[in-house]
1. Being farther than 28 Å from residue 506 by Cβ, aliphatic (A, V, I, L, M) and out of contact with any His (no Cβ under 9 Å at 6 or more places or on another chain): is that true of residue 689 here?
2. Please tell me if residue 754 is assigned to a loop (DSSP other than H, G, I, E, B) and among the acidic types (Asp, Glu).
3. Would you call residue 1476 modelled with pLDDT under 90, of a type in the set (A, V, I, L, M, F, W, C), within 29 Å of residue 1097 (Cα to Cα) and out of contact with any helix residue (DSSP H, G or I) (no Cβ under 8 Å at 6 or more places or on another chain)?
4. From the set of residues in region 544-599 that are within 36 Å of the chain's Cα centre (by Cα) and β-branched (Val, Ile, Thr), which is surrounded by the most Cβ atoms within 10 Å (Cβ to Cβ)?
5. Answer yes or no: is there a residue in region 611-619 that is in contact with a helix residue (DSSP H, G or I) (Cβ under 7 Å, 6 or more places away or on another chain), closer than 24 Å to residue 694 by Cα and modelled with pLDDT of 95 or more.
6. Among the residues of region 556-576, is any among the β-branched types (Val, Ile, Thr), at pLDDT 95 or above and in contact with a Ser or Thr (Cβ under 9 Å, 6 or more places away or on another chain)?
7. Of the conditions (1) out of contact with any Phe, Trp or Tyr (no Cβ under 7 Å at 6 or more places or on another chain); (2) modelled with pLDDT of 80 or more, residue 1423 clears all except one; give me its number.
8. Out of the residues in region 920-938 that are at pLDDT 65 or above and surrounded by fewer than 17 Cβ atoms within 10 Å (Cβ to Cβ), which is nearest to the chain's Cα centre (by Cα)?
Amino acid sequence: MAVRKDDAEWQARLDRWQARLQSLPAIALPTDYPRPSSSQLVQALTSTDLSNRTRSSLVRLALHHDEELHPDGDYSDDEDEDGEGTSRLSAPTPFHFLLAAFVVLLHRYTGDTDIVIGTNSPKTGEPLILRIPIEAGDPFWQLVRRVQAVEAEAASDNAPYEDIVARLQSSSSSTSNGAPSSPIFRVRFFDETTGSATNFLQSTALTTDLTVFVTGPGFNLDASADADTSASVETLKPGAASGTATPSRSARDPLLPALSLHLSYNALLFSSSRTKHLLAQLSRIINEVAAHPTTSVGTISLRTAAENAILPNPKEDLDFCGFMGSITSIFERNAKAHPERRAIAESLPGPADAMELPAPASEIRSITYQELDRASNVLAHHLISNGVQRGEVVTTYAYRGADLVVSVLATLKAGAVFSVIDPAYPPVRQNIYLQVAKPRAIVVLAKAGSLHANVRKCIQEELEVRVEVPALELLDGGKVRGGSASQGGADVLDSAQSKASQSTNILLGPDSPATLSFTSGSTGIPKGVFGRHHSLTHFFPWMGTRFNIGSGDRFTMLSGIAHDPIQRDMFTPLFFGAELHVPTADDIGTPGRLAEWMAATQATVTHLTPAMGQLLSAQATALIPSLRNAFFVGDVLTKRDCTRLQSLAANVRIVNMYGTTETQRAVSYFAIPPVSESPSFLATQKDIMPAGQGMKDVQLLVVNRNKRTETCAVGEQGEIYVRSGGLAEGYLASPEDNAAKFMHNFLAPDLTFDDTLQGKPEGQFWKGIRDRMYRTGDLGRYLPDGTVECTGRADDQVKIRGFRIELGEIDTHLSRHPHVRENVTLVRRDKDEEKVLVSYFVPGPGAKELEEASSAGEGAQEAGESGPLQAKTLAKGMRKHRRLIKDMRDHLKKKLPAYSVPTLFVPLARMPLNPNGKIDKPALPFPDTALASGSKDGAGSVATTNGANGSSGTTSGRAPTATESQISTIWSTLLPSAPKPLPLDESFFDLGGHSILATRLVFELRKAFVVALPLGVVFEEPTVSGLARQVEKIREGALLLPEGEKEKAGDKPNGSVAAPHPDDDYAADLEKLIARLPTKKSASAPSSSSGPQTIFLTGATGFLGAYILADLLSSSRSPHVSRVYVHIRARDAASALQRLREGGQARACWDETWVKDDRLRVVLGDLASPAGKLGMSDADYTTVAKEADAVLHNGAMVHWVYPYSKLKAANVESTLQAIELCVAGEKEKSLTFVSSTAALDTEHYGNLSDKILAQGTEGKQQAANGSTAPGTASSPAMRGIPESDDLQGSASGLTTGYGQSKWVAERLIMAAASSPALQLRSTIIRPSYVVGDSSSGTTNTDDFIFRLVKGCVQLGARPDVHNRVNMTPVDHVARICSLAAIRAREEKQAKVCHVTGHPQWRYNDLLGALERYGWVSSKVEYVRWRSMLEEHVLSSSSTTGASEEDNALFPLLHFVLDDLPSSTKSPELDDRNTQALLDSFDEGLGNEAVKAGMGMSEGLVAKYLAWLVAVGYLPKPGKAVGEVIAEGEAALDGEEDGERTAAISADGGAKKRTVKALPQLQGGEVKAIGRGSAN
């Protein structure tokens, strides 16, 4: 018995679903492209057939079920003789095995242990939601059983998906203030689709990232339960059968029938290569577990043979013996070869009249290679003569400048190890470094100042220092001074000055120790890391070749002086014989100054951390055209960081590098080409730049954390290990740490390589080949091309502003504070998405002594508070414990470097705990930094506003900003007659701009400001001031918010509130227009209800209008239509008729007998005439009002850029006048209005479409269960927005003036029809995309669809887009308009007819026809195609100004690149009124002749292409008929490259695809038709 929705059992089902789906996880699948800010979908499809091996593996898994039931091999209780042998457990099916494998993939990709998947019921096909727990240690077979159990439980609680969603949303609204919830799932897994699941698939497509279909071979994914809606082109293979057909089986068939896997995915997120890897990995899992079904899911090998070809092989020789020589020997060679060449250019503050550089660095001090060599020789000999031995540490108390380079080179020349201390570190921290390093020599740079007394004490009491240089300084002229050991004493370097020209000649080998750097330690004590000479030079030759670096380059010294990247800054230019430029402290610290310094020095190469890059771009206005390479290392590099630098340096190649102190050098790279060469590259990248691929002789190995002997597959998350011969030697005096982090190559333990260094001089300082890997602790995954992206940390170590910080170290020191009872430190992101260190603590008993006296009654934050109460309590707690927090901060400053001291300290009454008794870190409150700042000074939270009083909201009458001035200059070069001065608040289009110029404007703005400005921004913000705001928003990293979410303040200068644009309030205009409707009919009688009618037609010169006219006057319509009055804008009647004739003849739809027989008459008029009466003369208006029986209003101004106000006259006022005409004269007339689906382009109708489709699923489901839900079981389910909808869902949210004008016009007609005084008999037609004539092939060359076709031919590439596109031949649309006009007089209300194609096609089917008929237009991923198109137009724009000759899509680039119609979901439309209308004239789906022209087909597309070639719109195909098409080139949608999807010939062999011949066109001369399509 069916369960009714009002039964208690029904509510109990929903209760169980609500409990089952509480606290849903949000899966974060690895993507290839950035996720769009709004829901967008470009569908693509990858398919494969399961191999014989995989099918056999499925059989082996099925047999394991029997082995599980009969472990002793006794099958006596399972015989078939009596027909009653049954299993106690249901046997899993191949679908269950594949679904379990898919769950394993998702777990391995994301690390998630809670997976939610949308699927369908095994019995009824109805939608199900499965929530499957999984752990790495679970046996695969256990997971299969769990999948079965979860599926059975979900099926037993069968409920419509829409009801489940409604229940979840109603329960969440009470706790989230009605905020929209996230999708329940983002992945789906389906078997052969059935009618009951089709609508569910469609309604959840927009929020689904991946869908896997398991089908029989040749299955058509487009097939549905209704034959009339299935695609005519099978999208998987030729000869595909219906989706519900089951082929007959025989005993000779294989044990397991052939199966295919199809992966439908969003091409805006994933590349086709990733999806192919995914399908291959599914098969790999099945094959792996077939032999051992109880294998733990975390240890199953996913990596395929295809991946082995692109991912690192841990057995490769990494040139372990490739020692390039020591950096000192190479430097000395350069100094000898080019002694007078400048080595260092040091910027110095100087007198104001010394203008070598702008202030503050107004002087440049040059040091030659010879001077640097001699000075370092002096210091090196001094160290050696005073007892410094090979391998001992020399610590430099440092300052940024040439003196530091002298000290480092001298240390290395002495064979010693250099270590650097930054004077900015707290004395306690400096002492720790000294205690760890135990240096035997100390070099103090004169500019670094004197040592702190505590540091001096540490040196004297705890170290055994043999020699100290008290004040090293390189003087003008190249002489070096060391300072005196006592007041008035001789300079310590005097005795070594005579050896300035003598090298120390100390031989160094690859394993000679060279550097001692420090990294954080979990115990609170920094760890020293010994670096080797091997890495100081090994990678430079490769870098020189890869990045075109040489002796002519100018490098910068910007790294922290005690940060190991400073080694790159110094050694890279010295290796190449190039220049090193050093800024002053003011150059670095003054906002905007660093860019000026780099521009003035003409720097070509710089090494930066992301934090230093942000400092460089902050408030910078100077451009740096000389900069060619910027190497980033030390922290996460974001797209915003790259964009900011590109805005200053258009020619810079940004290289994101990855490395640690332990790898000694950056060991991988990801190159971002200059914006001047590839302006759209960054648009295809995600927000965080990947680590990249290993440099020469380096491998980034992503290792399975559950099976360390396996490397990960593409997409799988694992731990990153670095394999290289250039790793650091290891930690100083820490064998346990070395064993844990520096490991022998356990992936290939038995490898041996030839040692070519033994026996050579440097071989005595060589420990032999050591194939080692460093365990980074970073998590990551491989991208499809082998690039590695980092995904997090395996421990609590973090990086902020390039500094690696151990959270445990902070907590260790903080826990030692006497007044702290408990504490934990986390990294949080503030409102600006910047990383912030936050320490949470519970004050101890002694903290009361430090409480503020004025804080009575104020307590610490209580766990569990939230919202405004939480914020208020946080502020009170911080004020109360302000003295304690200051004391804690001071305590940490003595123990930690400044960057490790937390920004915020949050007092808590107690720590929140999770059920396991551990601190519940996600529950810890995060105070806004602004609020916290208020608490620091006791001011509390102070709300401030941006701006001054009295702003009028207009930009006129004020001085333009710098950005506005630059934009005005660009406008002046583009606009044909730009006024001077340019007003800041005038529309670009009002000043003479148009869509093509708008596209060029955006490209010019992108080049000028180097910001990713959307192409549609000019239409949203068409003024100089508006564009300037958007440029600044993007520069500051702000996102362009959707309509309705823009800031209400701050958008205008001085903080005034931006007034709404009058065009945004089109609904308010409707009310004024309704008041202008006629109050009564002047017509005395209705038109006759029988007999032929006289029709008044507007818009007949347009594309659709010409075919409406032809249909109305065709012989088949003569019983219904006697004459047509055609409204035309022309100077006289003869010109009007000639214009009409030429348009009809060009479209092959003209018959001169219409004129001879007086069935056609023209009347002059103008839709936009301010005089009213549709611009007709009084005489013509009277005649039409007297004779016409029906008005068919097809005319309109079609423009996707103009605002509502510009389109109102032609589109809205004309409709009002058409209504007036209908009730004027001697008889009442009906009105048929041709509208557009643009009136439905709002989020409301997208959501409503989903809901209706889901209800359609429910109806079919109820019918299957025997229930009788009204409107579902007894009548066909709705296929989309009903034609009875009142359009109120578009009263707001329409973004185009055209759509707004059509909405207002429709609502006017509805109001007139419902008015008791008027009772207008009317029909509204809403067509989909109108394409060419199905008979002649004549089409509109100014149509978006065929501009897309031509643009793909010009580009030589077409996008892989699986989305449907609703196209209808123009003659069929005209048929519907004519029949509606004939039948309109019988309507008693405003009836709507939706026009949809039967069948609908996909973009891939349409564009794939190009290669099937001989054009070269390869299918590429949508994101790549979009970038190709943008760069093609940009390159054309820079040379020729760009035009339609370069690409037909140029005028519509804002539409294609920012908002391709298929990339945003359009609502589905129900068309039952239209079908009923056609059936009433026997011209519906039952009429085979008519049905052939209702939608797209292969033959019709070929006819269109032939016509476009004939008129010269398209070039002739480049390939000859019969020429073989490369595999995958012209595959119908779903036939992927390299898959077994070729058609099968009669003899069973694979039939190669060949170029087809275009059809021969019937008739005489053809002519191209441009503008004029009304829809």
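1. yes
2. In short, yes.
3. When the stated conditions are applied, residue 1476 does not pass them.
4. 556
5. No.
6. yes
7. Going through (1) out of contact with any Phe, Trp or Tyr (no Cβ under 7 Å at 6 or more places or on another chain); (2) modelled with pLDDT of 80 or more one by one, residue 1423 breaks only (1).
8. Per the criteria, the residue is 922.
The values are calculated or read from the model by the stated rules, or taken from the named source; none is laboratory data. On a predicted model such as this, the values are computed, not experimentally measured, just so you know. Reconstructed Cβ throughout: ideal geometry from the backbone, glycine too, with neighbour counts over all protein chains shown. Side chains are part of the model used for accessible areas, which takes the heavy atoms of the whole protein and leaves out ligands, DNA and RNA. Shrake-Rupley method; radii C 1.70, N 1.55, O 1.52, S 1.80 Å.
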